[in-house]
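Written below as structure tokens is the structure these notes are about.
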Amino acid sequence: MSRGDYSLSTFIWLIIAFLVIYPLSFLLVESFKIVETGGFGIGNFIEFFHDTYYLKTFANTLWLSTLVLLTSTLFGIPLAYILARYRQVGKTVFTALILLPIVLPAYAGVFAFIIFFGKFGTLNLLLMEAGIISTPINFIYGLHGLVFVQALHMLPFIVLSLAAGFTQIDPAFEEAAEVEGASGFRRFITITLPLCTPTYLAGAVIVFLWPFTDWLTPLILGQVDYLPSIAYINIAYHFTDMHRKYMGIVAVVVSSVVCISLFLLARWWVERKKYTGLSKGTTSEGRVIEPGILLKTASYLYMGLTAFIVLLIPIVLGLSAFSRRWVFSPFPTYWTLDNFRVILAESPLLIQNSFVFSAVALVFGIVFGLPAAYIIVRTRVRGKDALDFVITLMLAFPGMAVGVSYLLAFWNTIPLATHWMIMPLALFARRLPYFLRMAHSSYLQLDVSLEEASEVSGAGKLRTFFYISLPLLIKGVLVGVVMFFIMAFQEISTAIFLYRGGWETLPIGIFLNWHRGMEFGIAAAMAFLMIVITFILLLIISRIGGSILKAAWGPGSR
Amino acid sequence: MAFIEIKNLFKRFKKVVAVNRIHIDIAQGEMLTLLGPSGCGKTTTLRCIAGLERPEDGDIVIDGKSMVAEDFVQPSKRGIGMVFQNYAVWPHMKVVNNIIYGLKFQGFSKKEIRSKAEQVLDLVDLSGLEERYPGQLSGGQQQRVALARALVRNPKVLLLDEPLSNLDAKLREKMRFEIKSLVKRMGITSVYVTHDQAEAMVISDRIVVMESGNVVQIGNPEQIYQNPANRFVADFIGAMNFISGEIVRVLPDSGNVQVRTECSGNMLCQTPDMAATTSGKQVYASIRPEDVQILSNPPQETENLFKGTIAHRAYLGNFMFFFVNINGTMIRVQVPHHLPHEEGDEVYLFLNPQKCMILF
């Protein structure tokens, strides 16, 4: 343990203190502020939990979370099983398509589904033209639509975590059950599924927390009685009504507390009950089976349907982006590039901002993430576990909490919010764990003796890092870089609270254009542009090595 | 009539033939070991008996009932008990629930299940640990849970897939005897897979030596050690010196063969198979290290006596090893007592003709 490690660790802690601990504690303190008297107390919270309306939103959110988790689990179990266990052609393509929603921004999905499933959307119009129905069916507006959109967005987390369980559990566990007289469904229920619970839970908690984070989807679907949506409305629209603003802050804090507690609870449980590493099988490829013709057809149909729904997002947005006045007809009738012309003519700044902010955030991410990964993996500096803990915790914090806390903390006391630098800083703080996880897991795979050999040969720690560690880590680091960039590029929950005129990013542009109502085509075109940029970045990742992504985000390593 | 008949069993994975049309008969109550290096097909054979693999051809008959050829019988319907290499004790169930798992599907009453569980727990010496989770047990205890689970339903056949390979050396030696006496006491027909020849010698009534999907030799431990069928078996079971040479003369009366060896002239050997022994054939004159005598001065005998130099010596407490160089061929010698020879010393080796045999 050298002095250098200590100063590095101090440097990282200072950044964490300034960008994470300070603003979030500021938010917490602020939530106890009584507007009328200027003093502090638990009055806000008492009022929140006595107000039938806020209680209702809280209950609504819990109910929505439950429904989203149930739905995604119900549809996810067969998908995960098919992907993990069945031998079939086109598996990679289907896997990629089913996992796609993980990298597509949630709001892109909502727009696409409104156009396709809306009251006078493509599906309703087609059904009416065919004479199957006479009045449009409400597919999407309401709780059921909300559950559908959110469950689809979170489906990859369920599929990934369950599939990891299905492939990682020792095949002998299932074989032993077979020998003991339990085959087929009974074996699946008594052995396979219970053994997958830890990996499942790691993904399930992320899914469950999503309705506590996602304020935009309910808003677009006309449902505001949910915790994050009401918090957004209270803070963003009613900033003149101090009372409502503070109730909004309380809502953000309540959401955050729910998220953090459930996240920690799940983590603790998963750590305690990790079955996958318990015994290593002799046949490590898992159990890949050749399904019968009937099962095979059914599984293809099922995967095809899921993939189709996912593909609707880019296709519908693409159609919408290249057309105008697409209303009351199942498909666009008037093709044009106008939308893109408007974007390029009126708001090239948005695209520029998005790139600049994300890139600056990325530089922060690398400068911070690499040393942090080094400290956590390679040193025994005191407090490194706490460091890991704090950074991982950022995964669970709603983006809104970061945005609001920055707005409060960097306003009067440290007036950073008036400078555009606040945008990349906030993006960095919000997406912090994404880069670190990558660096972290690649570091874990790097044999320490390779570095020790360099030090024995006379190279110092810094030289060893640049000549030995970094070249060996570079793949993982690059994937982390691109992943971080995608996530920062799409970020809206934090940025929406912090942007000022001239700092709008592409996601904010999408939101504003939707909000104005008339410019749906432009919003769709922007969303389409984002998807295209995401696809290009994904292509880069897959060229570098998609397996690294899996290693870092598989539930096993969490 | 054998209790288990493996007939013409054939299994391949993609292009690789894992089990190549083998025949094995196993008697009721017998403890049979499949022995061989990794990839020889022993585990695949065992998994075929269990029903965990589906053979492409051939049949397995257990207690007169065909398992493969007529209608494939699922593992859950075969009435077997199996101990897996990594135990496969389900980590999400308590010890007792692991053990009674299979009983629950057989329509026993709660009371019967409990008494059976108690009996078997007592048998494997795990009483008092029923409420523990596998994660709270040592490797040896988990191994006993696996054994108890396999035995509790009183299976017709017990299959053991390298059950001791994950234990440490001391415990492994102890468990060999425990498993053997337990299985013998219950009289269960069992098939045991291992790559450890010492384990196979201790535990088995008969050993089946396998190599690349084929059965090379079947016999009891004495037969396998003293009359190995070929060079592979001799090399795999114990240690053996091989001196390549050519048969120059066959003496049918005495059963002896004269072999011209590469290192030092003629050697007198036994032959296990007179019919296959013909002049001019390339063979290996073979002798176990413990059958070689090491002498400081040349004795009266002249047959099979060679002069060499000690290349290496090693003292292992209960015995000594020497590697003696005879014109470029290294002969390994094992003696049960201390000898004062040093590296570089000139010695005479007497390769007793009664103990020398030719292998093909």
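What is the extension gain from A:Trp269 to A:Ala386, computed as 0.36 nm multiplied by their sequence separation minus the C-alpha to C-alpha distance, in nm to one decimal?
40.3 nm
Add +1 for every Lys or Arg and -1 for every Asp or Glu among the other residues with Cβ under 12 Å from the Cβ of B:Asp25, and state the total.
So the environment of B:Asp25 carries a net charge of 0.
Roughly speaking, what is the stretch gain from B:Tyr315 to B:Ser244, that is 0.36 nm per residue apart minus the C-alpha to C-alpha distance, in nm to one decimal?
Stretched fully, the B:Tyr315-B:Ser244 segment lengthens by 22.7 nm.
How shielded is B:100-112 by partner chains, expressed as the average number of their Cβ atoms within 10 Å of its Cβ atoms?
What the average comes to for B:100-112 is 2.
What average number of partner chain Cβ atoms lie no more than 10 Å from the Cβ of the residues making up A:181-194?
That average works out to 3.
Could you order peptides A:261-268, B:346-353 by the average number of other Cβ atoms within 10 Å of their residues, highest first?
Descending mean neighbour count gives B:346-353, A:261-268.
Helix check for chain A. Which DSSP H runs span at least 27 Å along their own axis by Cα, with a mean Kyte-Doolittle hydropathy no less than -0.5?
The qualifying helices are A:52-85, A:143-168, A:193-213, A:242-272, A:293-321, A:348-378, A:422-445, A:470-490, A:520-553.
Between B:Arg54 and B:Ala169, what FRET efficiency comes out of the Förster formula 1/(1 + (r/R0)^6) with R0 = 30 Å and r the beta carbon distance, rounded to 0.05?
Step by step, r from the Cβ atoms, then E = 0.25.
If the cut-off is 15 Å between C-alpha atoms, which aspartates and glutamates fall inside it for A:Lys119, apart from same-chain ones fewer than 8 positions away?
A:Glu129
Give the residue list of GluC sites (Glu not before Pro) in the stretch A:28-72 that are DSSP loop and have at most 12 other beta-carbon atoms within 10 angstrom.
A:Glu36
Given the peptides A:186-193, B:69-76, A:94-101, arrange them by the average over their residues of other C-beta atoms within 10 Å, most packed first.
A:94-101, A:186-193, B:69-76
At a threshold of 8 angstrom on Cα-Cα distance, excluding pairs fewer than six apart, so keeping six or more, what relative contact order does chain A reach in percent?
Here the relative contact order equals 20 percent.
Total accessible area buried between chains B and A, 1.4 Å probe, in Å² to the nearest 100?
The contact between A and B buries close to 2100 Å².
How many percent of the accessible area of the protein assembly as shown is carbon or sulfur, using a 1.4 Å probe?
Summing carbon and sulfur atoms, their accessible area is 60 percent of the total for the protein assembly as shown.
Only bridges whose two residues both fall in the protein assembly as shown count here: according to DSSP, what percent of them are antiparallel, nearest 5?
Restricted to the protein assembly as shown, the bridges split so that about 75 percent are antiparallel.
Give me the accessible area per residue for the stretch B:1-42, probe 1.4 Å, as a whole number in Å².
49 Å²
Is the C-alpha gyration tensor of chain A telling us rounded, prolate or oblate? Criteria: a/c under 1.5 is rounded; beyond that, a/b larger than b/c is prolate, otherwise oblate.
rounded
Quick check on packing: order B:149-159, B:49-59 by the mean number of other C-beta atoms within 10 Å, highest mean leading.
Ranking the peptides B:149-159, B:49-59 by packing returns B:149-159, B:49-59.
Ignore the peptide's own chain and count Cβ atoms of other chains within 10 Å of each Cβ in B:80-87; give me the average, rounded.
Taking all residues of B:80-87 together, the mean is 5.
Can you give the net charge of the other residues whose Cβ lies under 9 Å from the Cβ of B:Phe105, counting K and R as +1 and D and E as -1?
Surrounding charge for B:Phe105 is +1.
May I ask for the net charge around B:Ile358, where only other residues with Cβ less than 13 Å from the Cβ of B:Ile358 are counted and Lys, Arg are +1 while Asp, Glu are -1?
+3
Rounded to the nearest Å, what's the spacing between the alpha carbon centres of the stretch B:209-285 and the stretch B:113-166? Just the number, please.
44 Å
Return the distance in nm (one decimal) between the two label points of a simple spin-label model at A:Val89 and B:Val73, each offset 7 Å from Cα along Cα→Cβ.
Taking the simple label geometry, A:Val89 and B:Val73 are separated by 3.9 nm.
Distance cut-off 20 Å, Cα to Cα: go down the list A:Lys273/B:Lys174; A:Lys384/A:Lys461; A:Lys273/B:Lys111; B:Lys14/B:Lys42 and report the pairs above it.
A:Lys273/B:Lys174; A:Lys273/B:Lys111
The values are calculated or read from the model by the stated rules, or taken from the named source; none is laboratory data. It should be emphasised that the depicted structure is a prediction, and the values quoted were computed from it without experimental measurement. Virtual Cβ from ideal backbone geometry, glycine too; neighbours counted across all protein chains shown. Just so you know, the surface numbers come from the protein's heavy atoms only, side chains and all, with ligands and any DNA or RNA stripped out. Shrake-Rupley method; radii C 1.70, N 1.55, O 1.52, S 1.80 Å.
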